[in-house]
Structures are given as C-alpha cells and as structure tokens.
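The values are calculated or read from the model by the stated rules, or taken from the named source; none is laboratory data. What you see is a predicted model; the values in this text were computed from it and never measured. Counting neighbours? That spans all protein chains shown, and the Cβs are built from the backbone with ideal geometry, glycine included. Side chains are part of the model used for accessible areas, which takes the heavy atoms of the whole protein and leaves out ligands, DNA and RNA. Shrake-Rupley method; radii C 1.70, N 1.55, O 1.52, S 1.80 Å.
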Amino acid sequence: MARGFRKKIQQKNTENSGFGDNASGRFINKDGLPNVQRKGMNVFNRFSWYHTMLELSTFRFLSYLVVGYILINIVFAIIYYLIGVEHLTGIDKSDPLNEFIDVFFFSSQTFTTVGYGRIAPVGFTASLVATFEAFLGLLTFAIATGLFYGRFSRPRAYLKFSDITVIAPFQDATALMFRLAPYKNNALTDAEVILSTAIEVIEEGRPKNKFYRLDTQLSKINTLALNWTVVHKIDENSPFYGFSEDDFKNTNIEIIVHVRAFDEVFSNTVVQRSSYVSREIVYGAKFTTMYYPNKDNQTTVLDLDKINDYQKVDLPTLGEESI
C-alpha cells in the first residue's frame, strides 16, 4: 500500500461500513471473508470448527479427512501394540513390521465397525480399547456425514469475479467497471449489487479511512445468466471524481462488492462478497466480450476463461481539473 489521498473529496462519507477509520490492510479478502484477526479468549471460543470445515476447499477438506483417519488408526495401532500383540488373535508374528501392519488394519476395521473376524481382541484391556475405538468411529463418521451434507446443501452464489477492475470510457466520461458471472448451472434471479469504497485520506497529519457508497448504473437485474459488468460512473457524485492515474495508483483504495441474489434451486437468498485494491485497478482499459453464439446460432456460449480479458484504450480528456 502507498500513501493516503490528500485532496478533498466532496462526497460525504458513510458511517455504516462496519469497519473503523483506523483499520489497516485489506478489509475484505478475495474469498469474501473479512480480513480480521481476532485475539483474546481462548482458541476454542474464537474459532468455529464447523464453519471452518464448511469454508475449506474440497481438496483440503478431503485431505483433512483422509489424514485424520490415518492418524487415528496409527494412534490406536500403537496402543494395541503397547498392550501386546498376544492380546490379539490372528496376528502374523513373523516379524515386528508384519505385527504392526496387522494391528493397524485391525484398528481400521474396528474404527469402521467392519470387523472381518480374522483378528479379535482377547482380554479386558484390548477389548476395552476396541470398544472405545468402535464408538469413536461411529461418532466420527456421523460428524463427517453431517459435514458432507452441510457442504453440499449450503446455499452458495457460485459467482466468479474478475481479478481486476478497469477505468474505462463511459458516456463521454469514465467509469470504474468490473464483472462477474455465475460459473455453475444454478439459476439466479433478482440479483442486486451494493458497491462501496474505502479511501485512505490524510487528516491532521495521520491516515484515516473514509467510506463512500458507489452508485451503479444498474444495481439490479432480473436474471443473472451471462456475465454482469458492474459500472460506477465517475462524475461529480463519485468520490473518484478528478482522480488521475497516479491518484489511483498511489492512494490506498479498496472497492468492496456485495452481491445478493435468489437461487431457485435452493429457494433461498445467496450472498457473495469480494473486493479490489489499488493494484488491481487497470487505468485506461475496457473488458472484451466473453460470450458469443454457438455454431448453429441456437444458444449462447459464456466463456468464463475470458472474464479477465481486456484491451487498453484512451480515456476522454475531462475539462475538470483534479480536485
């Protein structure tokens, strides 16, 4: 991040952003979650393991399940081995490695309550451990099933945002633009976008964050089927009015995006957030078209790989000097 903006912004700042004027760093991460680090209390009260597991990527979620499953069975295998393999019938005692392998697979069979029968516990201690492991296995798989259901059934918008926002020509002036598009085969209707910005300004010799609501040319659409280019015209009512290319580059700016729509499949309202900072603003560019008709002109092709494609353009010269 660079320096704060020192020129006067005529638009009145808003106080309902949810962030303080002395907060630092990015406010909203690209994944839509607030960039806030919490301290105080203990770690178990600060973090919700359920929300954490739901927010994980599919690869990390499955990896945690597999690694956790293997580690649990290794721990119980060590316990059985310490109790003594003589308390387990059917163990291959040719060498210690084969003994441990048999104990590990006995643990996995007990944990999953499969119980093939070749190996069985003998004695109170081994039977007690096997009983507890079987109970733990049932509890673990019940929790894993609930997490799988929660991840699949949770209403999500499934929107892909462009990685950049551009300052492009628009109606004999300029406008800030970014675009988004649904990347799943979900049906979104009554989509609405709320746009705001945080600009770091210098007041009384110290930086402060000012928040402003950004008006959009089109804030609601009936059906979100193709890409949606969100346009904020930079005119007298915009906090960016009079900003030069250097102002955009050298000022701490964050564009905060909030999108809300109705998903007909979930029959519920879905929400997704994102943000753009100064380094993600391309000055003097416009997006290129990312959809086109198919070969027989019977349907429209939406190419999601082109969501970030743009071309450089010249911006109109404004008579108004920078404020």
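For the chain, the longest principal axis of the alpha carbon atoms and the long axis of helix 58-83 meet at an angle near 20°.
Averaging Cα coordinates gives a centre for the stretch 198-244 and one for the stretch 36-98; these two points are 48 Å apart. Helix 124-153 and the longest principal axis of the Cα set of the chain meet at an angle near 20°.
Approximating the spin labels as points 7 Å out from Cα along Cα→Cβ, the Ser63-to-Val301 distance works out to 3.4 nm.
Express the accessible area of the chain per residue in Å², computed with a 1.4 Å probe while the remaining protein chains stay in the model. Spell out each step's value before the answer.
Numbers: 18980 Å² over 323 residues.
Result: 59 Å² per residue.
I'm spelling it out carefully: the read-out is Kirkwood radius over Cα pairs in Å, the candidates are (i) 24.3; (ii) 18.4; (iii) 20.7, and one was derived from this structure. Which label? Label (i) holds the value from this structure.
Could you grab the relative contact order for the stretch 185-263? Cα pairs under 8 Å, six or more apart, rounded to a whole percent. Could the numbers behind the result be given before it?
Working: 122 pairs, mean separation 36.6, N = 79.
Answer for the stretch 185-263 is 46 percent.
With contacts taken as Cα pairs under 8 Å at a separation of at least 6 residues, the chain carries a relative contact order of 22 percent.
Computed over the chain, the per-residue total of -39500 (n - 2.57) for DSSP H runs of n ≥ 4 gives a 222 nm mean residue ellipticity of -9000 deg cm²/dmol, rounded to 500.
Students often get this wrong, so check it: of Lys39/Lys184; Lys208/Lys312; Lys160/Lys220, which have C-alpha atoms separated by over 27 Å? The answer is Lys39/Lys184; Lys208/Lys312. Protection proxy ranking of 265-275, 168-178, by the mean of other Cβ atoms within 10 Å over each peptide's residues and highest first, is 168-178, 265-275. Across the stretch 48-153, C-alpha contacts under 8 Å between residues 6 or more apart give a mean separation that, scaled by the residue count, equals a relative contact order of 28 percent.
Taking the longest Cα principal axis of the chain as reference, the axis of helix 96-111 is set at about 70 degrees. A DSSP coil position with no more than 16 other Cβ atoms inside 10 Å describes the following trypsin sites (Lys or Arg not before Pro) in the stretch 87-182: Lys93, Arg118, Arg156. Here's the list of aspartates and glutamates a cross-link from Lys210 could span, going by alpha-carbon distance under 12 Å and ignoring same-chain residues fewer than 8 apart: Glu15, Asp21, Glu200, Glu254. Which stretch or stretches of the stretch 175-189 have amide N atoms under 15 Å from the point lying 7 Å from Phe266's Cα along the Cα→Cβ direction? The answer is 182-189.
Carbon-plus-sulfur fraction of the accessible area of the chain, 1.4 Å probe, in percent? List each step's numbers first, then the result.
Details: 10340 of 18980 Å².
Roughly 54 percent, rounded to a whole number.
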